[in-house]
Amino acid sequence: MKYQVLVLDLDGTLTNSKKEITEPTRNALIEIQQEGRIVVLASGRPINGVVPLAEKLELKKYGGYMLSFNGARITQCSTGRLIYNKTVPPEVIRPIYEYVRDREGVNIISYSDTAIFSAKEPGRYTLLESRINDMEVIVSEDFPSVLPPSVNKLLLPGEPEVLEALMPHLKETYHGLLSIYRSEPFFLEIMPQNIDKATSLQKLLNSLGMTADEMICCGDGYNDVSMIEYAGLGVAMGNAQPAVKDSADFVTRTNDEDGILHVINLFMRD
C-alpha cells in the first residue's frame, strides 16, 4: 500500500516536549510533499494555533490541509477555503456560561481567529491554552455577548476534579446536541454534535476522491483515537496513553525521539 495522506496531531505528536518540530522531521515532511503526498495537521487547537506549524511545513505551497477545533473546521492551506465548518448552536452558550461562571476552579473560554475570550481572569490552565496557541486572552464579564456570531468550540479549563464533577450534568443536559469530552485532565471540550477527527477526515477524503486505506494517522491523545481507528494505518506515539496505543496498528517512537520521522521512513519512502 502506497500511502498518500499523512495526518498528524500536533501537541505530543508532531512537536516535541519543547513544542518544536525538529529539523529532521521537518525536512522529511517537506520531502514527502515534494513527492506528491498530502500532509494534514489535525488538532484541537483553534486555527491561529495551527497556522504557524503549517507555515513551517510549507503546507500552503504543497497543498496541505488544517483540521482545527478537533475537526469542526477544515481549511485548505493553498487557498484559505473552508472545506467544512460546523459551529456550536448559539442557544447553548449562555446557559453553559451561567452554569459555570460562579463555580470555583473552572473557567469558560472560546475563540475568534485571533484571540481567546475568557469569562474570568485567566488561571493557569487558561494561560496554558493562551501560550500553546500564542493568542491574547480577552476577559469579559458578559462572556456570551463578546463572542463572534459563530464559534466552533467552547473549552472549560479547570481543575481535573472540578471538570469530572461537571461533565455528567453537561453530557446529560446536552445529549444529542453537543459532544462533550476531556482532551486533557484539565480541558473539557464542548463541541458541536458528531464532531471528531475521523468524521472530518472522511469529509476531506471524499472531497479528494481518496479512501482511508490511503491514509496514515498519528496521534497520542484520546481525541486522536477516532482517526487512528479510521485510518488505513493508525499510529500511536510512544508517549501516547495506553488506551491510544491499544487502538493503533503501530506504535512508533516518542515525540522526543522523532517518532513521525520513524513513521515516514518505514511507511512513506519509495
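The values are calculated or read from the model by the stated rules, or taken from the named source; none is laboratory data. All figures in this text were calculated on a predicted structure; none of them were measured in a lab. Don't worry about glycine lacking a Cβ; one is built from the backbone with ideal geometry, like all the others, and counts go over all protein chains shown. Please note that ligands, DNA and RNA were not included when accessible areas were found on the heavy atoms of the full protein model with its side chains. Shrake-Rupley method; radii C 1.70, N 1.55, O 1.52, S 1.80 Å.
Summary of values
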| item | result |
| --- | --- |
| Residues within the range 233-270 that are outside any loop (DSSP other than H, G, I, E, B) and either touching an Asp or Glu at 6+ places or on another chain (Cβ under 6 Å) or in contact (Cβ under 8 Å) with a residue 24 or more places away in the chain (or both), tallied | 12 |
| Number of positions in the range 12-26 that are open to solvent by 60 Å² or more (accessible area, probe 1.4 Å), touching a residue at least 24 places away in the same chain (Cβ under 8 Å) and either at positive phi or assigned to a loop (DSSP other than H, G, I, E, B) (or both) | 2 |
| Residue count, the range 186-216 (criterion: of a type in the set (A, V, I, L, M, F, W, C) and either in a strand (DSSP E or B) or closer than 17 Å to Val151 by Cα (or both)) | 7 |
| Positions within the range 106-121 being touching a helix residue (DSSP H, G or I) at 6+ places or on another chain (Cβ under 7 Å), in a loop (DSSP other than H, G, I, E, B) and buried (at least 16 other Cβ atoms within 10 Å of the Cβ), in sequence order | Asn107, Ile108, Ala119 |
| Residues of the range 16-49 that turn out to be modelled with pLDDT under 95 and under 24 Å from Asp196 (Cα atoms), as a count | 8 |
| The range 40-64, subset more than 18 Å from Ser207 (Cα to Cα) and basic (Lys, Arg), residue surrounded by the most Cβ atoms within 10 Å (Cβ to Cβ) | Arg45 |
| All positions within the range 137-165 that are in a helix (DSSP H, G or I) and either of a type in the set (D, E, K, R) or in contact with a strand residue (DSSP E or B) (Cβ under 7 Å, 6 or more places away or on another chain) (or both) | Phe143, Val146, Glu161, Val162, Leu163, Glu164 |
| Within the range 88-98, tally of residues that are surrounded by fewer than 16 Cβ atoms within 10 Å (Cβ to Cβ) and not charged (D, E, K, R) | 3 |
| Residues of the range 140-178 that turn out to be over 26 Å from Ile74 (Cβ atoms), of a type in the set (A, V, I, L, M) and open to solvent by 60 Å² or more (accessible area, probe 1.4 Å), as a count | 1 |
| Flag if Leu127 is closer than 27 Å to Ile21 by Cβ, part of a helix (DSSP H, G or I), open to solvent by 50 Å² or more (accessible area, probe 1.4 Å) and modelled with pLDDT of 95 or more | yes |
